[in-house]
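Structure first, then comments.
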Protein chains: 2
Amino acid sequence: MAAPVDLSHHFSSVSRNRNASAVKEFYKYFAIPGIVNFAAGQPHPSYFPYDTLEANVALPQRFNVSNTSDAAPTPASARVTVPKESRTADLQRRIDLTTALQYGLAEGYPPLHSFIRQFTRDHLHPNVPYAGGPEIIMTCGSTDGFSKVIELFTNSWNPDRDWIQQREGMLCEEFTYMNAIQTARPRGINVVGVAMDGQGIRATGKGGLEDVLKNWDFRRGRQPHLLYTIAVGQNPTGGTLSVERKKEVYAICQKYDVIIVEDEPYWNLQFPSAYEMSTRYRGPSSEPSLYTQNYNAQGKSSGYAFLDSLVPSYLSMDTEGRVVRLDTFSKTIAPGSRLGWMTAQPGIIERVTRITEVSTQQPSGFVQSLVAKVLMGPPQDEHVSAKKDALGWQMDGWVRWLEGLRNSYEGRMQAMCTILEESKYFVKESTAASDDSAHEWEVVDRTQMFDFVWPMGGMFLWLEVYFDTHPLRSRYSSEVLSKAFWVHLTKVPQPCLVGPGKMFGATPHSAEQAHKYFRLAFAPMDASEVSDVTHRLTEGFRSFWQRKNLDGLDDGPGSDVEAAMRLGSTVNLFGMGC
Amino acid sequence: MAAPVDLSHHFSSVSRNRNASAVKEFYKYFAIPGIVNFAAGQPHPSYFPYDTLEANVALPQRFNVSNTSDAAPTPASARVTVPKESRTADLQRRIDLTTALQYGLAEGYPPLHSFIRQFTRDHLHPNVPYAGGPEIIMTCGSTDGFSKVIELFTNSWNPDRDWIQQREGMLCEEFTYMNAIQTARPRGINVVGVAMDGQGIRATGKGGLEDVLKNWDFRRGRQPHLLYTIAVGQNPTGGTLSVERKKEVYAICQKYDVIIVEDEPYWNLQFPSAYEMSTRYRGPSSEPSLYTQNYNAQGKSSGYAFLDSLVPSYLSMDTEGRVVRLDTFSKTIAPGSRLGWMTAQPGIIERVTRITEVSTQQPSGFVQSLVAKVLMGPPQDEHVSAKKDALGWQMDGWVRWLEGLRNSYEGRMQAMCTILEESKYFVKESTAASDDSAHEWEVVDRTQMFDFVWPMGGMFLWLEVYFDTHPLRSRYSSEVLSKAFWVHLTKVPQPCLVGPGKMFGATPHSAEQAHKYFRLAFAPMDASEVSDVTHRLTEGFRSFWQRKNLDGLDDGPGSDVEAAMRLGSTVNLFGMGC
């Protein structure tokens, strides 16, 4: 295997200027036995008011891994304690407040960093095809990670001051997570949408990646050198890219020297059953299921059947080291943890480390130590004294937890999609009764109200609404009907809030097409309520298709609904975090 | 009182481009009773593996507030629990995992934000002279806060691409916290040192603030429009600015339209006794003590004698709203908390909120909820059921805790300074004995080895070493002696690591002067060891002054000691965080 390619020509001038830390040259001084450190600006740990941090934490088996089991979630929890001081000398196993609440390393808290590094290199991506494999750095969640990626790879551009030839560009799916766009766009970066299909980004064809790059109009600025993409459970479309498509995308990025930023918050939420259920309703598909193979069968196994079954990351085909992957604990532990990690070739992680030193420094030691303790348990030499339920999840438990979450979300997806699948049509049954009550003519008028692709991963379903079939379409444009529909749903007996497609339109062009799309999340409600609220939503559809007018649904310009539709330009309303 | 001045002309083009969030327009939809939220990309809280977060936490009285008491620190601790779900409807009092571990507001977790906002507005700065008073936003510590300040107020500059007239400048003390410089400098910002005296930054006189601004050479770029300053317990010099000096500095910043960024990690560590003890040893000072008055006597009291006694912030004279203040929990709770807050006029905090939404989003909910619970305890309606020791510190306890820390650090400062004060001189006693043993001439050779200013605040002492008095000075430059001295200290029987002055030289000019300075921290060692290790350090001084040569102390260029001296260009070695 060859070493990763030097891609430092992509670095911004600011990031190139950052000095490497000389701290490592000094470790040997710190290590002089008994040396008195007058130099450190560190408070003594006796001044930290916390004597312990503790938690009750789920067992990894809390959620089932299969729907066939009727067993309820396991409410049992284990006890986790981060003590003031651990006696363990091994810094990669030492989890205590004396270290976790002190100034630390930008790469991350050593125990957590070592666990996640092993998870990433050995289990998540066992087959990265460059010498030495990737490095990681902990982040304060993927929004923080992406912000650092943008800082690393882009120079900001100001039309009042800079030449158009200096303007940089970023490619992304035409519908995408708007917070990422909002990170990039104010820097003057040209945000360029790429056409999508049910899987996600299109490599070829009109508006696809190759088309955009090949026919780049340099009068708009530099050819884009970054691709921001969500390849699993895409936000908002729910699409998941096949490995074949990823290879095509990677080859094009190689050809045009594009860095791939792969944002994967929904990675472990891949749903084998979506294909099967979709074909059950809709007949055979022209494409095979993504989930019928062991993806690591030709290479090194991840060590877990679950991980081997997941569509591999772009990292697994990254011969050159041009993939930067963002992972987060937001969906696997909690969004409020503000904790995640970035994976890339060492030369890239080194620069991100420099950026981290002068911004976030490190994720909070509170969350790093509490997560590390749950994942790792006490160090080996303290195992004897620890209770059995406090041994930590270990790698097996962590992967088991991820699989349990996958199954839980998969159940939600099935419940919502089944009901939507069966309610796509507005069926008007009018009975023309004759004098003779024995003779009735049933007139059935079947109109399709919406369609969707069964999501192979993630938390979302992307609904395409057929406003053209609405009886009022002759009087109103489909844009007007779309706005009215959104308000209608907030006023029905069971009010519903759905995500307007315009919120996810990365470019003015995609935003124009967006009015017919709505994003539905099957994550936020109680699991037991998914079916019921989805039924209610479909009732909202039916009552909208029955409307004879739009009275009370158009508050006019400047109204809330107008504002809702302008959401393409705002952040953080629905689905904060990625 | 007038409203703060519009200072948006200071904003960078990137920050000006950030869109305001429209989320508030939608609160009323979220508030529709029983509305089903299909729109949010939020995992259900039942998937968070944490069922509780808990901690043992010090009582606010753990440390004495006066040295006259012989009482040992109180080891007692209270029990703090963040439950999965609180029944309280008041979001500013509701502290639970369902809210804390979910996506949240960029301003901060509502309970913590409201507590800190009240602390800041009513107690820390009760007399901010603009209408409406300041706003706050929680940060991931002050390094994060400063990084956002730099992002907000500066356009980066690249000599290969931009005109020199576009280059922006930042003023700072000539010796300062290097991480701040390292944040700014790679952006191409002109970092401009201002002369200092024992208090800190000089307003007038040669090299002072007015001199630098008035005689600005525009061939270097734009006149600096930012001042980065540490006014209490300055890092590294330990200086604390009088309110009179602050008024002078503020007036100059007004005149030249400069934003003041006041970084105050050591705010509560102000030491009234330093003045008294210094004059006891050195005789009366030409300047009065900073700590003989109630600073809020003419205005609104902070409500606490301790806070009223502290030299007021620049915010207290900020009629125009040009002060941005950074506070951190790093020294009052723990550096690893990565938690702090920024205080400024609302127009500035609003822009920082936009930056936060696309970078850190919010500090981790783990630390925000655990700190909030310690500070606030359970909500009022749950007080009855709570044990007495779990009622939280409340505002009184928090201020009491700060005062206890102040007293602890003040004791350390006294111990170290007393020993250094009494060991400044190298005393060589040679006895010339005559035949007549009754007659001895005692020849006393008294050479001053170093001097310092007693620190009126903070964690540091700034030692000026008089290498010119060293016997080897005739053979070696004082730069060479300085390097040799640093290595010497790592090789004496009790090895010591001290902070080389060059690490804090903000500009090449100050770095040149820096070799004679060393920073000593009285924070990192055990409290009981301060005296002993300081004695050992003075032994190191004496043995260096006795050296007949520098054998074994000069490893030549490229060595560790060379690298140590180059530390002015590195970050994060000693005294990470601020």
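The values are calculated or read from the model by the stated rules, or taken from the named source; none is laboratory data. Given the structure is predicted, the values throughout are model-derived calculations rather than measurements. Reconstructed Cβ throughout: ideal geometry from the backbone, glycine too, with neighbour counts over all protein chains shown. These accessible areas exclude ligands, DNA and RNA; they are computed on the full protein's heavy atoms, side chains included. Shrake-Rupley method; radii C 1.70, N 1.55, O 1.52, S 1.80 Å.
For the stretch A:195-214, the condition of being within 14 Å of another protein chain (Cβ to nearest Cβ) and more than 22 Å from the chain's Cα centre (by Cα) holds for none of the residues.
Taking the stretch B:483-507 as the range and being open to solvent by less than 10 Å² (accessible area, probe 1.4 Å), touching a residue at least 40 places away in the same chain (Cβ under 8 Å) and under 20 Å from the mean Cα position of the chain (by Cα) as the test, the residues that pass are B:GLY499, B:PRO500, B:GLY501, B:PHE504, B:GLY505, B:ALA506. Of all residues assigned to the stretch B:458-466, at least one qualifies as being touching a Lys or Arg at 6+ places or on another chain (Cβ under 6 Å), touching a residue at least 40 places away in the same chain (Cβ under 8 Å) and of a type in the set (A, V, I, L, M).
If you scan the stretch B:516-558, which residues turn out to be among the basic types (Lys, Arg) and away from every other protein chain (no Cβ under 12 Å)? Lay out the reasoning, then the answer.
Of the stretch B:516-558, the ones among the basic types (Lys, Arg) are B:516, B:519, B:536, B:542, B:547-548.
Answer for the stretch B:516-558, where residues must be among the basic types (Lys, Arg) and away from every other protein chain (no Cβ under 12 Å): B:LYS516, B:ARG542, B:ARG547, B:LYS548.
Among the candidates A:GLY397, A:GLY392, the residue that is of a type in the set (Gly, Ala, Ser), more than 19 Å from the chain's Cα centre (by Cα) and outside any loop (DSSP other than H, G, I, E, B) is uniquely A:GLY397. Which of the residues spanning the stretch B:324-347 are crowded, with 24+ Cβ neighbours inside 10 Å, away from every other protein chain (no Cβ under 14 Å) and over 15 Å from B:ARG117 (Cβ atoms)? Result: B:VAL324, single match.
Specify which of the listed residues (A:ALA58, A:ALA76) is within 14 Å of chain B (Cβ to nearest Cβ) and open to solvent by less than 20 Å² (accessible area, probe 1.4 Å). Give the derivation first.
Values: A:ALA76 fails: open to solvent by less than 20 Å² (accessible area, probe 1.4 Å).
Answer to the selection: A:ALA58.
When the stretch B:263-284 is filtered for residues that are surrounded by 12 or more Cβ atoms within 10 Å (Cβ to Cβ) and part of a loop (DSSP other than H, G, I, E, B), the ones remaining, listed by number, are B:GLU264, B:PRO265, B:TYR266, B:TRP267, B:ASN268, B:LEU269, B:PHE271. None of B:TYR130, B:TYR177 is open to solvent by 10 Å² or more (accessible area, probe 1.4 Å) and hydroxyl-bearing (Ser, Thr, Tyr) except B:TYR177.
Among the residues of the stretch A:486-512, those identified as among the hydrophobic types (A, V, I, L, M, F, W, C) and within 13 Å of chain B (Cβ to nearest Cβ) are A:TRP486, A:VAL487, A:LEU489, A:VAL492, A:CYS496, A:LEU497, A:VAL498, A:MET503, A:PHE504. Picking from residues in the stretch A:285-297 that are without any contact (Cβ under 8 Å) to a residue 24 or more places away in the chain and polar (S, T, N, Q), the one that is least open to solvent (accessible area, probe 1.4 Å) is A:SER289.
Within the stretch B:181-204, does at least one residue satisfy the condition of being under 18 Å from B:THR360 (Cβ atoms) and buried (at least 22 other Cβ atoms within 10 Å of the Cβ)?
First, pick out the residues of the stretch B:181-204 that are under 18 Å from B:THR360 (Cβ atoms): B:183.
Filter again for buried (at least 22 other Cβ atoms within 10 Å of the Cβ), leaving B:183.
The answer is yes; a qualifying residue exists.
Tell me, please, whether a residue that is at pLDDT 95 or above, more than 30 Å from B:PRO186 (Cα to Cα) and not in a loop (DSSP other than H, G, I, E, B) can be found in the stretch B:84-93. No, the stretch B:84-93 contains no residue that is at pLDDT 95 or above, more than 30 Å from B:PRO186 (Cα to Cα) and not in a loop (DSSP other than H, G, I, E, B).
For the stretch B:102-194, give me every one of the helices (runs of 4 or more DSSP H) that falls completely inside it and has 2 or more residues that are more than 14 Å from chain A (Cβ to nearest Cβ). Give the derivation first.
Numbers: elements: B:110-118, B:142-153, B:178-184.
Those helices (runs of 4 or more DSSP H) span B:110-118.
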